[in-house]
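**Student:** Questions regarding the structure given below will be posed in turn.
The values are calculated or read from the model by the stated rules, or taken from the named source; none is laboratory data. Small disclaimer: the values here were computed from a predicted structure and weren't measured. Ligands, DNA and RNA are excluded from the accessible area calculation, which covers all protein heavy atoms including side chains. Shrake-Rupley method; radii C 1.70, N 1.55, O 1.52, S 1.80 Å.
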Amino acid sequence: MRYGLAIFWLVPLAHHLPQARGLGDAVGMVVLVSVVTGLLALLIGLAGIIGDALTRWKPR
């Protein structure tokens, strides 16, 4: 799971970072992709919690 999110974070940066016009633009891209990746991770975790609640699954 961690590696999937890391790939999701690295691929857009590897594609768009060379097109940055300056340091501010590059930092903005890194922050934006990091926030989007963090939100995706939270949504995946929330979906797992909801799925566990719906199936009434409890860890042992």
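**Student:** Which ³J(HN,Hα) values, rounded to whole Hz and listed in residue order, are derived for region 28-40 from phi using the Karplus coefficients 6.51, -1.76 and 1.60 in 6.51 cos²θ - 1.76 cosθ + 1.60 with θ = phi - 60°, glycine and proline given as x?
**Tutor:** Rounded to whole hertz, the list is x, 5, 4, 5, 4, 5, 5, 5, 5, 5, x, 5, 4.
**Student:** Let me ask something else about it. Send over a whole-number figure in Å² for the accessible area per residue of the chain, probe 1.4 Å.
**Tutor:** Counting only protein heavy atoms, the per-residue value for the chain is 86 Å².
**Student:** Further question: Can you give the direction-averaged projected area of the convex hull of the alpha-carbon atoms in region 7-60, in nm²?
**Tutor:** 4.7
**Student:** In addition: Over the chain, what percent of the accessible surface lies on carbon and sulfur atoms, probe 1.4 Å?
**Tutor:** About 73 percent, which is the carbon plus sulfur part of the accessible surface.
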